[in-house]
Amino acid sequence: MCPDEETLSAYLDGEVEEPFKSKIAEHVKECVKCSAKLESLHRIKSILLEENDPEYIESMENVKRRIQISMVADNYFFGRLNSFWKRKVVLPLPIAIAAIVLFFFVGVFLISNIPGNSGIHMMRIRTEPSGVTEVQVTAPIEDLEQLLKFIDNSNFKKEVIIKLPAQSQFLMFGEPAIVKEAEFSGVR
Amino acid sequence: MLHRKKKNENFTFNEVYESVFPVVFKISYRITGDRGIAEDLCHEAFIKYFERRGSFPSIDEVKFWLIRVIRNISLNYEKRRARERLAIDRYKKVAKVEDRGEDEKLLLKEMEEAIQKALEELPYNLREVLVLKEYGGLSYKEIGKVVGISESNVKVRIFRAREKLSRLIKEGELYVS
Ligand SMILES: [Zn+2]
């Protein structure tokens, strides 16, 4: 007697115990119908298994970075900031979660790299007498990932300081806003 | 912090992350079909784990727990956006046939996409068990525990998922050629 098709499918997954397992193995050799069914189930299984895995390395890095950022914020709020982050993090009091101000010292060539509609805005560009250029940027919290991507892609490995603004409205709710809007308006 | 061991646990967050991320990501990706979304959901899942560190005896336990979490949040996400998604998919499918290239690589990629799409057309209750089986590598018993159904129910659902999937893929082939 033929096993039901669910059982054939389970057999394929190695989920059928002895003695039934051997019985099915025997039966499938003889029975055209069951061997055809098993074959077609097998095809579907292998199609799925042959699917290339999604490239996860990059995602793994992205998510890790985001977890680290979450923890920076977390730690800050609980007053237990540890220096586990590779980048230097300056967190003045009181904290505003609405926006982040980023200072980094870059060559001017970099500036054109800022993606147009990314939510990252140039606030101020200043060249120090020492020759370094300081670029001040704001980015909404939700764009942090993009901001970090931007920094990483900017083949610039000097000094990056991410600073949460020293004073600002404490916006727990509503849309992330750009801090000190007046200063950057028109300077994009 | 990521490298420090929590009391009661002889492994670090980082070790868990390195060993469990791939499978958690894969499950989420196969359920949602979207890399960006899968990243969001993995982020959420690992933060949840981070908050509960110290309550797991082994990495395996963490893995199992995380698979449950990712399954839940991925499915919830999917259900929320299901309706809007369907419409977009239909549109994409039509567009794709038109701009097909001859390149073999492209064809292969297309086939993969078609299979992922077919997977996404399975109803949730069938999709999740099949994903947990083939991409999560779980046994029927474990799947039963994750989903909250009996082992024999898992067996039935996996079979139905395979049947339905092979029908969808066949239809897809007819459609494409
Ligand atoms: Zn038979």
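The values are calculated or read from the model by the stated rules, or taken from the named source; none is laboratory data. Small disclaimer: the values here were computed from a predicted structure and weren't measured. Cβ coordinates were reconstructed from backbone atoms using ideal geometry, including for glycine residues, and neighbour counts include every protein chain displayed. Ligands, DNA and RNA are stripped out before the accessible areas are found, and what is left, the full protein with its side chains, is counted by its heavy atoms. Shrake-Rupley method; radii C 1.70, N 1.55, O 1.52, S 1.80 Å.
What to note about this one:
- Test result for B:LEU41, out of contact with any Pro (no Cβ under 7 Å at 6 or more places or on another chain), open to solvent by less than 30 Å² (accessible area, probe 1.4 Å), touching a residue at least 40 places away in the same chain (Cβ under 8 Å) and not assigned by TED's automatic domain parsing to the domain that holds B:LEU132: no
- Here is the figure for segment A:11-22: residues that are within 15 Å of the ligand (Cβ to nearest atom) and either surrounded by 18 or more Cβ atoms within 10 Å (Cβ to Cβ) or closer than 16 Å to B:LYS141 by Cα (or both) total 3.
- Looking only at segment A:1-10, and only at residues there that are within 14 Å of another protein chain (Cβ to nearest Cβ) and within 12 Å of the ligand (Cβ to nearest atom), the one that is surrounded by the fewest Cβ atoms within 10 Å (Cβ to Cβ): A:ASP4
Each row is one residue, and each column tells you yes or no for (1) buried (at least 20 other Cβ atoms within 10 Å of the Cβ); (2) more than 11 Å from every other protein chain (Cβ to nearest Cβ); (3) part of a helix (DSSP H, G or I).
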site: B:VAL146; (1), (2), (3): yes, yes, yes
site: B:ASN153; (1), (2), (3): no, no, yes
site: B:ARG157; (1), (2), (3): yes, no, yes
site: B:ARG162; (1), (2), (3): yes, no, yes
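- Being more than 18 Å from the chain's Cα centre (by Cα) and surrounded by fewer than 17 Cβ atoms within 10 Å (Cβ to Cβ) is a description that does not apply to B:GLU112.
- Pairs where the first residue, in segment A:28-46, is small (Gly, Ala, Ser) and the second is assigned to a helix (DSSP H, G or I), C-beta under 8 Å, 6+ apart: A:SER35/A:VAL28; A:SER35/A:LYS29; A:SER40/B:SER166
- Being of a type in the set (Ser, Thr, Tyr), modelled with pLDDT under 80 and within 24 Å of B:LYS170 (Cα to Cα) is a property that B:TYR124 lacks.
- Residue satisfying all of: in segment A:25-51; in contact with a Cys (Cβ under 8 Å, 6 or more places away or on another chain) and open to solvent by less than 50 Å² (accessible area, probe 1.4 Å); farthest from the ligand (Cβ to nearest atom) among these: A:VAL28
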